[in-house]
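In what follows, a structure is listed as structure tokens, so that the remarks can point back to it.
The values are calculated or read from the model by the stated rules, or taken from the named source; none is laboratory data. Because the structure is predicted, anything quoted here is derived from the model rather than measured. FYI the Cβ positions are ideal-geometry reconstructions off the backbone, even for glycines, and counts take in every protein chain you see. Just the protein is used for accessible areas: all its heavy atoms, side chains included, with ligands, DNA and RNA removed. Shrake-Rupley method; radii C 1.70, N 1.55, O 1.52, S 1.80 Å.
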Amino acid sequence: LQSLNNYLGITMEQMALLLGTTYRNLHRKDANEILDNSKTEKAIELATFARRGVQVIGSEQGFKEWIQSPIKALGNEKPLSFLDTTFGIQMVLKILGRLEQGVYS
């Protein structure tokens, strides 16, 4: 989670919200302790999304800035605010696909 957290450029508090838990619950976990199935699945989904985002945007730093910037196609909301649900991640992935194709979003 720490690596994913750094890759997305977010705090552990934000990561906890994306995983549907509290920072305190994440902080209590041992480094060797395994997350439950739903949190593991969500972390994998976020990692896959982040990898795709870096591919489309072109750099890790550019991707970090992009997910923190208001996007017109998302009602001037930040992509980060949609990453707490699978549906939200799919919406943001569609916007990345449009960017990749050169369609203004």
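Couple of notes before you dig in:
- Index of the failed condition, residue 19 passing every other in (1) touching a Lys or Arg at 6+ places or on another chain (Cβ under 7 Å); (2) farther than 20 Å from residue 93 by Cα: (2)
- Applying a threshold of 8 Å to beta carbon distances and a minimum spacing of six or more residues, or different chains, the list of pairs starting in the range 66-91 at a residue that is in a helix (DSSP H, G or I) and ending at one that is open to solvent by 70 Å² or more (accessible area, probe 1.4 Å) and modelled with pLDDT under 95 reads 73/98.
- Cross-chain or 6+ apart pairs with Cβ under 8 Å, the range 15-31 first and on the phi > 0 side of the Ramachandran plot, then outside any helix (DSSP H, G or I): 20/84
- Residue within the range 38-55 that is within 24 Å of residue 98 (Cα to Cα) and over 13 Å from the mean Cα position of the chain (by Cα) present: yes
- Some residue of the range 29-38 being open to solvent by 40 Å² or more (accessible area, probe 1.4 Å) and modelled with pLDDT of 90 or more: yes
- Selection status of residue 82, at pLDDT 95 or above and exposed (fewer than 13 other Cβ atoms within 10 Å of the Cβ): no
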